[in-house]
Structure formats: C-alpha cells, structure tokens
1. Give me the angle, in degrees from 0 to 90, between the Cα long axis of helix 171-182 and the longest principal axis of the Cα atoms of the chain, rounded to the nearest 10.
2. Find, among the trypsin sites (Lys or Arg not before Pro) in the range 160-197, those assigned to loop by DSSP (not H, G, I, E, B) with at most 16 other beta-carbon atoms within 10 angstrom.
3. Tell me, in nm to one decimal, what length is gained between GLU162 and GLN425 on full extension, where the rule is 0.36 nm per residue of separation less the Cα-Cα distance?
4. What does the charge add up to near ASP64, with Lys and Arg as +1, Asp and Glu as -1, over the other residues with Cβ less than 12 Å from its Cβ?
5. Among the GluC sites (Glu not before Pro) in the range 37-139, which ones are in a DSSP loop with at most 14 other Cβ atoms within 10 Å of the Cβ? Mind listing them?
6. Neighbouring Cβ atoms within 10 Å as the yardstick, rank VAL317, VAL374 fewest first.
7. Out of the DSSP beta bridges found with both residues in the chain, what percent are antiparallel (nearest 5)?
8. Using unit Cβ charges (K, R positive; D, E negative) and no other charged atoms, how large, in debye to the nearest 20, is the dipole of the chain about its Cα centre?
Amino acid sequence: MGENLTRKIIGEHLVSGEMSPGAEIGLRIDQTLTQDATGTMAYLQFEAIGLERVKTELSVSYVDHNMLQSDFRNADDHLYLQTVAARHGITFSRPGNGICHQVHLERFGVPGKTLLGADSHTPTGGGLGMLAIGAGGLDVAVAMAGAPFYVSMPKVVLVRLEGKLPPWVAAKDVILELLRRLSVKGGVGKVIEYGGLGVATLTVPERATITHMGAELGATTSIFPSDERTREFLAAQGREQDWRPLAADPDAEYDQVITLDLSELEPLVACPHSPDNVVPVRELAGLPVQQVCIGSCTNSSVMDLEKVAAMLAGHTVAPGVSLTISPGSKQALTMIAKSGALATLVAAGARVLESACGPCLGQGQAPSSGAVSVRSFNRNFQGRSGTTDAQVYLASAEVCAATALRGALTDPRELGEMPVVTMPQAYVLNDNMVIAPPADASQVEVVRGPNIKPLPTRGPLDDTLQGELLLVMGDNITTDHILPAGAKILPLRSNIPAISEYAFTRVDPTFPERAKAAGSGFVLGGENYGQGSSREHAALAPMYLGVRAVLAKSFARIHQANLINFGILPLVFARPEDAERLKQGDVLRLPEVRARLSAGQLVTVVDVTQGIEIPMTYDLSERQIEIILAGGLLNYIQATA
C-alpha cells in the first residue's frame, strides 16, 4: 500500500525509532522558531548547552508577543534576543515585522521541511506542506543544538474535503466544524492530514488558518499537500524555488477518515469558554456585542484584511462596538496601506493595532466588565482576554466584520452579496526588518537586563516523594489556568522566581504562598491536563515552587513533555475513578518511586491522611524515564554528553 504525506515526511526525517503509532521516534529538525514570550528562556537553555552556533538549516527568533513596553523588562528581553541571535547564528525578526506564524508562512516556510516552534500554533506551517510541530522551549533549544526531537509516532487522520465553500463561509468554519465534531482532545496523538478534491479550492492562507487551529484539537500537527496552489503562493512571495510537489499516494492508508463537504458548511461560532463549544451563528444572531477583534495569527492575512475592508467600506462601526484590527505582518500592513484598505478600515472607525499578537493573549484591549467580545482568534479560555467575566466568542473575520457593523452577532449571509477578494499575484517584498546573523560572531556581546534571572534546575529524582496534595482540579485545565499570560505577567517570562507568584492563581490565588510554605507537593487534574499553549513556564514555575508530580486522568502532549523536561513526574490514574478519592490537603507519599520507574513498574500513591493506596501508571519512554530520574532534560544532557 502507498504512504500518506505525513509518514513520507516523517520517514525522510526519521533518526530513531519505529513508525508505529505510539512508539517514540526521533526526528531531524530543519527549522526552528521562537517568539519573545518563549524565546528568552529557550535561548538561556541553548546557552546552557554550550554550543557556539545553531546546527539547524534555519532558526528564527521573532518578537511579537511581549510588545507592550510599560517599563524596561520587555525592551531588555528584546535586546537580549537580538544579541543572542547574532551570537549564535539565529535570524532575528525585529519588533514590527509581524507575528511569527504569519511571517514564517510568508517568508521562510518550505514544503516538506520539518519546523519545530516554541509556540503551540507552529502547525500553521502545515498550510504550506511542512511538518510543523509546537513544543516547549527546551525541546526547541535541544533541536537547535542538532539533536533529534522526540515525539510519539502519531496516528494519521485523513480529513477528505469535498465540494467548495459557499459564499460567506470561511476556512475558519472548516476548523470550527472539526472542533465541534472532535472536541479539544479529539486530535491528541494524531496528525490531521487534509486531502480530497476540495483541497484545490483553498488558498494557502485559508489552509494556514485551518492547520493553525488544529492546535485546538490537541493534534500533534496538521498538514495540507503541496500543490499548484502552494506553488502560486510561493511564487507570489518570490520564493517559487522553495516549492516542491508533495502529496499522499493514491492508495495511502490512514488510521481514520473523516469526510467534510465544504458546500454544506455554514458560518459557525465557538462560544465561551472553549474553542470546541461550537454552534451555527444563526442560532445566536442578535446577541449584543461590545467588542470585535480581527487579526492575530489566525486570520490576519492580506486576504482576510482586504475582505473585512470591503465589508466595512462606506459604513461605520456600530456605536456600541469597539473594533480592533491586528495585521499579521508588516507585509500585510504595507499591502493594505497601498491598496487603500487601511484607509477604509480607519474611516469605518476601526482601531488599527501594530503587527503583533496583542489582544489574543491579553496584551491590551481587554473587554469591559461582562462584555461580549467576538474575535477571529484561536482561543477563548476564561480570563485569557484580560477580563475574567468577559464572554469571548471565536468566529471568522467575515462574521466579525458583520457583527461590528450591526452591533450584534450577525450571520454575514444577511448582508447580501459577498465581496470577492482574490489572492495577490505578487506580494510586496521587503525583508528589511529581518536581521541575518553575522558570519563571524566572536565579538558579539550578549546583553542581559536585570530582569533576566538564571535558569532554575532540579536535582535527581528522590527515592521516595512525599508532600501535600496542594490543588485538586477538573478536566481541560489549560496552560492559562496553570500560568496565565497577559500584560502583567508576560514581562516576567525570563524571571522564574517572579513569575512563579502567579502559578495556578486563576484556580486558587493562594497556591504560590501555600506551595512555598509546604516546600514540596503534588497537584491533581482531570482529562486533558495542560491543553493550550506550549509555554514551558507552566512547568517551570510549578517546579520552582516544589511540585514533584502531577496526577491526572490524561495529559496534553506538549505540556506532558514540558513536565518531563523539568523533572516533574506526570502520572495517570490506572483507575480514573480513583481521582475522586484524593482530597486537597491530604499528605501523599510515593514510595520507591525511583526504583519502580527504573523497573517499569506501576507507581503507588499512598494517601497517608486517608490510609489508602492508589495505583498510577505513566506513558513514558525509556528515554523519558531517564530524564525524570536525572531531574530534567538539561541534567540528562549534561550527564550523557
């Protein structure tokens, strides 16, 4: 039988392991990306490894997240990022050049290459036919050092696209429909591969929107074939030489097949507070809205912005609505300025923000108390917007624009004929905000501001672990629950002692104080623990506060890897119902845990307070067990170097 596209690319990059679902494989990584919220820590970790220069084909450091410079801290981190990039052979994308995923798609992505990014939405590159995977910063640092990236061999799901999108139905509705069907954990352990005749009807920017939000499915990544539409996009970007045709074999096999008829879709919206809480817009039409935000790395392409401008032309945003526009890149902003679309947006009353993530991760534009905000973003977790009681909905740029005009959630099909916007035949090319590293970096001085603190580490795993069960939580705990983003907290990303003061505070504001008083302990979660961002700070901060193990019913992929990387043991209940037996405040003991892991045996949790024993299992490879025993990945690397 033939091979699917995912297995073809994995096979080309396989360094170790068997391509059998669930088995650990090591992949050669061609490209990496970081952004400034994850990059400072990633480069501190790369420096700790001790290499002079990265060993990847291309590594790019983007500045797009921590853009609010209300004091010295973000600016200091940006200076560190620029100088450490020059020192170690990393390309630097300056503040103002745009959001990492949008810029990488435009200027650096190559079909068939592997891309590892310290951001969960790295799979955006799958719209170009890349195998693009999100990971924690330490995994990216290790990949920059030339080591393989280890991951469980995923199952491959074919989403067979048929038909063509009707007017007013967008690529965003494709991924919202899949989220409605599969849920935020439906893609765990899987790659979502798109095929079928409907693929040819979608442009690369539309495909990128779909692969981008595959992260919300929990998928390892998502990927489209590289075809004539891909060639057209790369040619318009002046990069046709990077194109190569890539597709699954006609007789390729898949672990699951989902058929999606594009012609049957309608405008959809994800309701608070989860991207999979999806219903048709028509069911909520008329809901009063106070804020609309368009852009972010999900829907901020030239095509998205031109369509929004065409919809707003000659109109004014409804009196009760604040409309913001976040262009995805300097290229997109330049092109809408040249076309006149920018003037149209401004004339209609839009507030145009810089080419950065902005409101998507709580960097400004927090809604008013209890407000309804409709956003063309990727996540609507409670409090992520910066306002805890805000009701955030996710929808296409078209739904957002229609809603901004009417002041209430609106099905854009009510507006009549849809404006036609076509993909540019030639994009404006100006990479003057991209700085290539010097050939000789020996004289480059890496500048470190006072907010950049040393990387905390942990010693080897003890023979027995004991401590208080500090926190009991439910299902779908996100990294925003564990370590929030936002304008107040993001500037502390390079200062673990300071940022740890916010660990789990969205669940229990007393957690940091209680954890420090206890000195050592455990936390308990339900299904899909750690979904959301790749931010390794959601493992680093609990490690700093003394969390030794996380007990859960299941884990999200990236967060489990981050826990392992920093020496926190991820344990899974052998009997899920046992999770209900443990109570916050109980004293727990894990006897002979080091010996049990070494022998591949179940780990026993003894609840000393209640006098009960609970069996725990774990999904760890032999390599991951060695990392846990060493107390984390950096310790493991230093011990095996």
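Derivation of every value follows stated rules applied to the coordinates shown; laboratory data play no part. A quick note: this is a predicted structure, and the numbers were derived from the prediction, not measured. Heads up, the Cβs are rebuilt from the backbone with ideal geometry, glycines too, and the neighbour counts pull from every protein chain shown.
1. It is inclined by approximately 40 degrees.
2. Listed in order of number, the matching sites are LYS164.
3. Here the segment from GLU162 to GLN425 would lengthen by 92.1 nm.
4. Taking every Cβ under 12 Å from that of ASP64, the sum is -1.
5. Of the GluC sites (Glu not before Pro), the ones in loops of the range 37-139 whose Cβ has at most 14 other Cβ atoms within 10 Å are GLU52, GLU57.
6. Arranged by neighbour count, lowest to highest, VAL317, VAL374 become VAL317, VAL374.
7. 35
8. The dipole magnitude comes to about 920 debye.
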